[in-house]
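Notes for the one structure printed next.
The values are calculated or read from the model by the stated rules, or taken from the named source; none is laboratory data. Here the structure is a predicted model, which is why all the values come from computation and not from measurement. As a convention, Cβ positions derive from the backbone with ideal geometry for all residues, glycine included, and neighbour counts pool all protein chains shown. Side chains included, ligands, DNA and RNA excluded: accessible areas come from the protein's heavy atoms. Shrake-Rupley method; radii C 1.70, N 1.55, O 1.52, S 1.80 Å.
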Amino acid sequence: MASWTPDTINPVSAVAERHKIPALMENGPIESWMTGGPYKWAYGDLFSLENMVDTYIAAWDTVKTNKKVGFVYDNQVDGILLSKLNRQRAEARGYTIIDPGRFPAGTKDYTSIISQFKKAGVDIVVANMITPDFAVALKQFHQQGFIPKIFTIGKGLCFRSDANALGGDLGNGLLAERSLGTNFPL
């Protein structure tokens, strides 16, 4: 059994197929998982990136913004898929995308991305990155005085401990892809 990201569910699925061992993948993106199929031995209880992106945009629609969205997507399979899907869906709903391109996991300096967002007047940021990278990026956003009206984060903020590890009140106001429990300030 494996869960969460293509980095974990896709290799486990490949091993299950190779050795003809039943395996269950859960709580990961079905579109990323399907890139490794078809499957006979691996099964998925997974979520749809399309539904997730539509939900993000529906949430953005509830806040008065200039509809400029900055992308912070890494070069992993789900970052690539999400950036394409989010661009299609957001532009179709009247949003302008500011996309500095994909970057490698483990990036330590987001200054150029933040500068592009400031220059473009971005009100909304959407990101999909692992927790350590997200923590570095978010702290740099704050240090450089760029706090968007909406900050949507996928993958990097799945647990209460992830938000607590950011320190102080940096987890406040973030829009995550899943609920982290009641009375939690996201």
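At-a-glance table
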| quantity | calculated |
| --- | --- |
| Which numbered condition residue 58 misses (of (1) closer than 22 Å to residue 147 by Cα; (2) in contact (Cβ under 8 Å) with a residue 12 or more places away in the chain) | (2) |
| Residue within region 59-81 that is charged (D, E, K, R), closer than 21 Å to residue 118 by Cα, under 14 Å from the mean Cα position of the chain (by Cα) and outside any helix (DSSP H, G or I) present | yes |
| Qualifying residue in region 36-48 (condition: acidic (Asp, Glu), out of contact with any strand residue (DSSP E or B) (no Cβ under 6 Å at 6 or more places or on another chain) and over 23 Å from residue 103 (Cα atoms)) | no |
| Region 82-96, subset surrounded by fewer than 18 Cβ atoms within 10 Å (Cβ to Cβ) and more than 14 Å from the chain's Cα centre (by Cα), residue nearest to residue 138 (Cα to Cα) | 96 |
| All positions within region 98-122 that are in a helix (DSSP H, G or I), surrounded by 11 or more Cβ atoms within 10 Å (Cβ to Cβ) and not polar (S, T, N, Q) | 113, 114, 117, 118, 120 |
| Residue in region 102-122 that is within 14 Å of residue 151 (Cα to Cα), free of Cβ contacts under 8 Å to residues at least 24 places away in the same chain and hydroxyl-bearing (Ser, Thr, Tyr) present | no |
| Residues satisfying the stated conditions in region 129-154, i.e. under 20 Å from residue 118 (Cβ atoms), part of a loop (DSSP other than H, G, I, E, B) and of a type outside the set (Phe, Trp, Tyr) | 129, 144, 145, 147, 148, 149 |
| Any hit, region 35-54, residues being surrounded by fewer than 15 Cβ atoms within 10 Å (Cβ to Cβ), more than 14 Å from the chain's Cα centre (by Cα) and farther than 30 Å from residue 21 by Cα | no |
| Which numbered condition residue 157 fails, given (1) touching a residue at least 24 places away in the same chain (Cβ under 8 Å); (2) assigned to a helix (DSSP H, G or I); (3) under 24 Å from residue 67 (Cα atoms) | (2) |
| Residue in region 123-134 that is in contact with a strand residue (DSSP E or B) (Cβ under 8 Å, 6 or more places away or on another chain) and open to solvent by 10 Å² or more (accessible area, probe 1.4 Å) present | yes |
| Members of region 1-29 found to be among the β-branched types (Val, Ile, Thr), in a helix (DSSP H, G or I) and either open to solvent by less than 30 Å² (accessible area, probe 1.4 Å) or in contact with a strand residue (DSSP E or B) (Cβ under 6 Å, 6 or more places away or on another chain) (or both), listed by number | 8, 9, 12 |
| Region 45-76 - residue that is among the small types (Gly, Ala, Ser) and modelled with pLDDT of 85 or more and, of those, nearest to residue 110 (Cα to Cα) | 70 |
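Residues checked against (1) surrounded by 14 or more Cβ atoms within 10 Å (Cβ to Cβ); (2) more than 24 Å from residue 55 (Cα to Cα):
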| site | (1), (2) |
| --- | --- |
| 136 | yes, yes |
| 148 | yes, no |
| 152 | yes, no |
| 157 | yes, no |
| 163 | yes, no |
| 166 | yes, yes |
| 169 | no, yes |
| 172 | no, no |
